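Here the structure is laid out as structure tokens; the discussion comes afterwards.
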Protein chains: 2
Amino acid sequence: MSGASVLLKALREQGVEVCFANPGTTELDLVRAMEEVPGLRCVVGLQENVCTGAADGYGRLAGKPAATLLHLGPGFANGIANLHNARRARTPIVNIIGDHASWHLECDAPLTADIESLARPVSGWVRRIASAQDAAGAARSAVQASLADGGQGATLIFPADFQAENVAQEPADAAACDAVPGSDEFDAAAAWQQLRRAKNPLFLLGGGGPSSGLGGRAQIAAARLCGLLGGKAYAETFPARSERGRGLPDFDRLPYFPEPARAALDAADLVVLVGALPPVTYFGYAGHPSRLVPQERLLMLAAPGQDAASRLEALAELAGAPAAGFAPAALPQAAPGVLTPQSIAAVVARALPEDAIVSVEGGTCGYPLYAASAGAARHTVLTNTGGAIGQGLPVAMGAAIACPDRRVVAVLSDGSTQYTIQTLWSLAHENLPVTVLIAANHQYAILRNELRRGNAVLGERAAELTALDRPRIDWVGLASSYGVQASRAATSEELAAQLESALRQPGPVLIEMAL
Amino acid sequence: MSGASVLLKALREQGVEVCFANPGTTELDLVRAMEEVPGLRCVVGLQENVCTGAADGYGRLAGKPAATLLHLGPGFANGIANLHNARRARTPIVNIIGDHASWHLECDAPLTADIESLARPVSGWVRRIASAQDAAGAARSAVQASLADGGQGATLIFPADFQAENVAQEPADAAACDAVPGSDEFDAAAAWQQLRRAKNPLFLLGGGGPSSGLGGRAQIAAARLCGLLGGKAYAETFPARSERGRGLPDFDRLPYFPEPARAALDAADLVVLVGALPPVTYFGYAGHPSRLVPQERLLMLAAPGQDAASRLEALAELAGAPAAGFAPAALPQAAPGVLTPQSIAAVVARALPEDAIVSVEGGTCGYPLYAASAGAARHTVLTNTGGAIGQGLPVAMGAAIACPDRRVVAVLSDGSTQYTIQTLWSLAHENLPVTVLIAANHQYAILRNELRRGNAVLGERAAELTALDRPRIDWVGLASSYGVQASRAATSEELAAQLESALRQPGPVLIEMAL
């Protein structure tokens, strides 16, 4: 049995079921070995950032790693941006990077690169496989590492000769890995003593799995505590995964720009971190502190990856907080006629089917949809955690593979979506039930907003550098050329009708929303 | 004057005329400063690998660096693959990467990453700008560094606060940099002594600028020496830039696979490196040495970046080699009917206008076109030097910007072109005279060829992982959606007619060649 087969079997035994792949010549023994591991589903991406973004979406929903299969340093490099987002989302991922045969490296052939230097910034764990015999153990360690520290990238570099080499003895089966549990030590009484002294506590809820600050249970516990103590709760600005919609309290998200974020946070005398990191500004803004809350006003109830929900529930019990009687949020009505971010948000919020997964990327519709969706059917939201754009579409793809029984809706900006546009082909290839909504304003609007801050005038060349309208991309033609059914909506009524129809299709549909 | 303005002005003064840009929030002061430096042309790419690939194409033709403008670590990461190719091509490029404000870095905001670790594998030189005052000097050093060592990537990391900061005193103008000349020391007599003793010398000609081994002059000198001494000359397999066509001798290129490469090289008792590196196999192949020629059979006449042409001419003079009387190469006739790689090559070779630039990527048409083009009109060929695919289209774009009076023809494979498909929009946006020919076989044929080596059977899953035909990408629709005029050719006759028409258009045209 080849080192490649051993590795894939070990991954499968550790619970890895999906591999997002864009292999090349140095991964061909792994490709050959796929015949022997039928339980490992392979999904091809036409560019590596599609693969890594899909692995991120998969891992956020599945709570366990997908593998990626990438081609040496340059192929891996193409997938770094979405691994950066995955790192911020604490998504478990196992990257397998083929490399030259170990004896070939020294001659610095064209594709040779310093893979370790490229991998480390987006991997909590990197290991170069040292022999075919080493492959099984390396695979097990990689899966375990990917689940450590709340979830992270684990990168295996696998030289081609060790993939091909035969392993004399088949390694013994090993038990599947479970997620490494965070520390359970939690002093609820001490936390309660600190919290009860606060006049205006603020709960900052961080995203993640069911026991995160935004997994459903924690929001309800936060509502109970707010009911008892006063104070407010906010979702972190860009959660990896959060529950939203009917049956959950409607908490605002912490604003993106520093002025409103500070206004929200400065009103609190205690900021309770419920699976969230201490809030910092997204960029450095002159005149604003990077760290928005000084240490002495922070209470770290649960770090990301810890069981925030149980801790907050324990606190609510200790406080004797009654069940929360929050009012169901209203579902806004879309204004008829030409589309606006607000009317798009209203149409989407009304159309969301129960238990949908919503992947959101881009400044144009992101916040309006957040505001409109509190009264929507219960759904799971995935956002861009690391700021590397081109994440929303592949994450939607990966989520659809993790959850084949759920509908996925991707609400995306046109500028962002171009970075990983090749995802459309994989959606068609796999016939995934993903509805892609493109807010097509034909500009980098977020940059124009930043350039205009403080009433500044947008310069001529700055306008050119942020314009995408010469020519306007024909999103309907683009999607069709990748085999994805598509249409264009210019009004709320058209969007509502097209969206309703799209959500009944078994496969992917793209709707260009003219803005 | 802001640090950003100072940097851009210094770059302009050093001869930088073009900036391929995909900026974000941390580069906005550089975007603002563009208003003050009108001589610096900005070209937007919708994804960073478009920008870096275009900078590679520009630098190969212009012989001086373009700048790229990229957004922190993740934005830079998206451009690494084509910087890897540029490194192998020894292309001068100055990368400008905006970073968080220096005081914001420590708080590890979402977009924070280890930029240095990402940059080093593709940069001969990396510098983090330490103040606004430092910007002008850093820009000058970067341009100089980019021209050192035969050409390389020079990467500047520019924190946002230093971009915004005012520089009290405008820095003095500095003289423009010239390419750093390689060492001129060359002992022609000693080289001739070694060469004259060889029974079967082989000249391996490396690509680059006019004085490289494939810049025209060197091929003619090589033909003179071959005429005198016997022996053969080969082009290296993937030259960064080479001259080809009528008026030049028709040397084969060194084969890609190890068996024919060894057959060619083993016949020689002396391999003379004329601006080429010692030949190595592209990948490690079991049973074949990585280094194809042992040290004792190598004569390094000129390293890449050195003046190979003058040295070879000096040798020819010393040898008293008469002018070469090589026969003009034949121009093949395309077989009528359905397209094959050979008929495509013949049609393209016949259609090439004088002084065209041809960007070639992909295994399907690469070698057939090489074989067919010796008798074509004189043209310049650019190939994929580093093996990171997705290079051919952006390199064509950059070449068109470097040489506005020349036609550019890109002969590409469908699989490769998907990696940087967004380039089509920039071609339309800039209305560049680039004719894009897509060999659409709807598979990763190079991988299937490798998988079938030694008469191996292609496994079912291996076939799936290398298939791009479900769905088939509609290249005509795809190009049209980006604003590029497009058509489909299924026969030699159709291709010839469509190509002739495309070459008369002022802007870009794409032709899908059905295989």
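The values are calculated or read from the model by the stated rules, or taken from the named source; none is laboratory data. Because the structure is a prediction, the values reported are computed rather than measured. All Cβ positions, glycine included, derive from the backbone under ideal geometry; neighbour counts span all protein chains shown. These area figures cover heavy atoms from the full protein model, side chains too; ligands, DNA and RNA do not enter into them. Shrake-Rupley method; radii C 1.70, N 1.55, O 1.52, S 1.80 Å.
Shape analysis of segment B:341-514 places it in the prolate category; the axes a ≥ b ≥ c from the Cα gyration tensor give an a/c of at least 1.5, with a/b above b/c. Per residue, the solvent-accessible area of segment A:188-319 (1.4 Å probe, heavy atoms of protein chains only, all protein chains present) comes to 37 Å². Binning all Cα-Cα separations of segment A:1-125 at 5 Å, short to long from zero, yields these whole-percent fractions: 2, 12, 22, 24, 21, 13, 5, 1, 0. Taken along the Cα-to-beta-carbon direction at a fixed 7 Å, the label points for residue B:463 and residue A:102 span 3.6 nm. One decimal, nm, shortest first: give the distances between the label point of residue A:500 and those of the same position in the other copies, each label point 7 Å from Cα along Cα→Cβ. Spelled out, the distances from residue A:500's label point are 5.5 nm. Contact residues in segment A:103-117 by the 40 Å² criterion (accessible area, 1.4 Å probe, full protein complex versus chain alone): A:103, A:104, A:107, A:110, A:111, A:117. Surface analysis of segment B:341-514 yields an accessible area of 29 Å² per residue, using protein heavy atoms and a 1.4 Å probe. Heavy-atom accessible area, probed at 1.4 angstrom with all protein chains present, ranks B:397, B:300 as B:300, B:397, highest first.
Over segment A:469-511, the alpha carbon radius of gyration divided by the compact-protein estimate 2.2 N^0.38 Å works out to 1.22.
Electrostatic bookkeeping for residue A:208 treats Lys and Arg as +1 and Asp and Glu as -1; over the other residues with beta carbon under 9 Å from its beta carbon, the sum is +3.
Burial here means at least 30 square angstrom less accessible surface with every protein chain in place than with the chain by itself, probed at 1.4 Å; in segment B:55-99 the buried residues are B:74, B:77, B:78, B:80, B:81, B:84, B:88. For the protein assembly as shown, the calculated P(r), taken from all Cα-Cα distances in 20 Å bins from zero up to the bin holding the longest distance, is 13, 44, 33, 8, 1, 0 percent. Each of B:13, B:243 has its accessible area taken with a 1.4 Å probe; listed largest first, they run B:13, B:243. Per residue, segment B:3-164 exposes an accessible area of 21 Å² to a 1.4 Å probe, with every protein chain left in place. Considering every alpha-carbon pair of segment A:188-319, the percent of pairs per 10 Å bin, from zero through the bin containing the longest distance, is 14, 48, 32, 5, 0. With R₀ set to 60 Å, the beta-carbon distance separating residue A:252 from residue B:185 gives a calculated FRET efficiency near 0.25. Would you please state the base-10 log of I(q)/I(0) at q = 0.08, 0.11 1/Å for chain A, with intensities from the Debye formula using one equal scatterer on every alpha carbon? Here log10 of I(q) over I(0) equals -0.52, -0.97.
Interface size, chains B and A: roughly 7600 Å² of accessible area buried, both sides included, 1.4 Å probe, rounded to the nearest 100. Each other copy places its own label point for residue A:193 at 9.0 nm from this one, sorted shortest first, where the point lies 7 Å along the Cα-to-beta carbon line. Legend: residues in segment A:419-456 shielded by at least 30 square angstrom of accessible surface upon adding the remaining protein chains to the isolated chain (1.4 Å probe, heavy atoms) are A:419, A:422, A:425, A:429, A:444, A:447, A:450, A:451.
Based on DSSP H segments of at least four residues, each scored -39500 (n - 2.57), chain A has a per-residue ellipticity at 222 nm of -10500 deg cm²/dmol. Computed over protein heavy atoms with a 1.4 Å probe, the carbon and sulfur contribution to the accessible area of the protein assembly as shown reaches 51%. For the segment B:389-398, counting C-beta atoms of other chains within 10 Å of every residue's C-beta and taking the mean gives 1.
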